[in-house]
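Where a number appears in this text, it was derived from the coordinates with a stated rule and is not lab data. Small disclaimer: the values here were computed from a predicted structure and weren't measured. Quick reminder, even Gly has a Cβ in these numbers, built from the backbone with ideal geometry, and neighbours come from all protein chains shown.
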Amino acid sequence: MTNRCWAEIDLAALQSNLTWIRHRVGPKVRIMTVVKADAYGHGLRQIAALLMQSGTDIFGVANLEEARAIRSVGRGWPILMLGACLPDEMERAVREEIMPTISSLDEARRFSELGRKFNKVVNAHLKVDTGMGRLGVSIDDAPELLKSSAQLSHLRFSGIYTHFASAEDDSAFTHKQRRSFERLNARLASDGFHFDHIHASNSASLLHESKSAFNLVRPGLLVYGLLPTGRRRANSLLRKNLRPALSWKCRVTLVKQIPAGTPLSYGRSYIAPHAMRVATLSAGYGDGYLRAGSGHCEVLIQGRRCPVLGRITMDQMLVDVSSISKVKSGDEVVLIGRQGRNNITANELAQWCGTVPWEILTAINYRVPRLYLNAHAA
Ligand SMILES: Cc1ncc(COP(=O)(O)O)c(C=O)c1O
């Protein structure tokens, strides 16, 4: 089969990233791999299977469909739903034994009721808001919520967690969040509350704050070999150990010589300032290559960087190949990844598109087949 636009996922790279995370956090800290949004665009089922073999302890998901996909690959792994359950999802979460995230007494009561109905004790994680402002009970209200929940016969808080708002940018604020979470945990312990899992660290925190591990970490981006973008710079030794798992490719479909003054793409968004050789490529925003990158992005052809000209369209885009002599229809083009000595990272593409690497990866859509490499080496 001919692919016009596809992603290659290096499973050995993923495994080596997980090994590196294991090494960084030490043997006593558990790892919850975050596999939301189709494992950050890498393909949930295949990645879940690999992570199961590579020592993940828990999976973190955004919804029940993702949890079900993981269960279809292998039973027995604990799964935490990181989002709040909608009222009409709660019953299924209980029946399928997906651990919910709880932020309120009302949710705790409903889950316990459902636990009673299905004769199960629901294992939940309490989320505490220390500064993200999204989900979570406030620090002040957490002890009362736990005291009231202690009466609930079919609910057990097996975990407690918080989420950092800007671990990649702001060490002072992250430190403040961590301190308030630590103080809360100390108070809860002295009140007799104990949890199997206490967690806060996402990738940025794991990279920048070796102390904030608690007894479980929740990396996403690092698992896939990418560094969170932000003002804080990771130590170069740490960076060197990560290998991006995903490459994204397409093909040249046509090469044309154009005279000076030729308009290119919708809105005549580029006018050739001189005679040029232009290649049409088989990828566009319909594959998830963000239109916001129009006029800023570069791709690799024959190991050389070629600028994108004019607006990116749904299925195609145009690049300047004037500096490459033998480019022809069918040639491979790298959108993310390495070709020869050159490399384009998801972080670089994100910068061109005015966004973050998380969005670049999760935007790569269903039209792009994922091909898995190095399965035997993983
Ligand atoms: C609650 C929670 N924890 C952990 C993560 C993983 O974040 P990262 O990819 O930055 O490691 C996410 C991702 O969005 C999240 O929402």
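Around Gly330, under 11 Å between beta carbons, what's the net of Lys plus Arg minus Asp minus Glu among the other residues?
On the way: positive: Arg4, Arg251, Lys328; negative: Asp331, Glu332.
Charge balance near Gly330 sits at +1.
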- Loop-resident sites, region 71-145, for trypsin sites (Lys or Arg not before Pro), counting at most 12 other Cβ within 10 Å (DSSP): Arg75, Arg134
- Task: Could you check which residue among Val333, Val308, Val255 shows the biggest mean-square fluctuation in a GNM of the chain with a 10 Å Cα cutoff?
- Result: Val255
- For region 11-223, what class follows from the C-alpha gyration tensor (a ≥ b ≥ c being the square roots of its eigenvalues): rounded when a/c is under 1.5, otherwise prolate if a/b is larger than b/c, else oblate? oblate
- Task: Rank Asp170, Asp88, Asp315 by mean-square fluctuation in a GNM of the chain with C-alpha springs under 10 angstrom and give only the top-ranked residue.
- Result: Asp88
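Roughly what % of Cα-Cα distances in the chain sit above 26 Å, to the whole percent? Intermediate values should be presented prior to the final figure.
Working: 40154 of 71253 pairs.
When every Cα pair of the chain is considered, 56 percent fall beyond 26 Å.
Share of antiparallel DSSP beta bridges in the chain, in percent to the nearest 5? Intermediate results must be reported in sequence, preceding the final value.
Values: 32 of 59 bridges.
Taking every DSSP beta bridge with both residues in the chain, the antiparallel ones total about 55 percent.
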- Item | Rounded tilt (10° steps) of 44-54 against the dominant C-alpha axis of the chain | 60 degrees
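Counting only helical runs of four or more DSSP H residues, what would the 222 nm mean residue ellipticity of the chain come to if each run contributes -39,500 (n - 2.57) and the total is spread over all its residues?
On the way: 12 runs with 115 residues, N = 378.
Helix-only estimate at 222 nm: -9000 deg cm²/dmol.
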- Could you give the angle, 0 to 90 degrees to the nearest 10, between helix 171-190's Cα long axis and the longest principal axis of the Cα atoms of the chain? 20 degrees
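Determine the shape class of region 308-367: with a ≥ b ≥ c the square roots of the Cα gyration tensor eigenvalues, call it rounded for a/c under 1.5, and otherwise prolate if a/b is greater than b/c, oblate otherwise. Please list the in-between numbers first.
Numbers: a/c = 1.79, a/b = 1.47, b/c = 1.22.
Because a/c hits 1.5 or more and a/b exceeds b/c, region 308-367 counts as prolate.
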- Item | Chain lengthening between Ser329 and Lys28 when straightened (0.36 nm per residue, less Cα-Cα) | 103.0 nm
- Query: Modelled label-to-label distance, Tyr266 and His376, 7 Å Cα→beta-carbon offset: nm?
  - Reply: 4.5 nm
- Query: Pairing the Cα long axis of helix 11-25 with the longest principal axis of the chain, what angle in degrees results, from 0 to 90 and rounded to the nearest 10?
  - Reply: 40 degrees
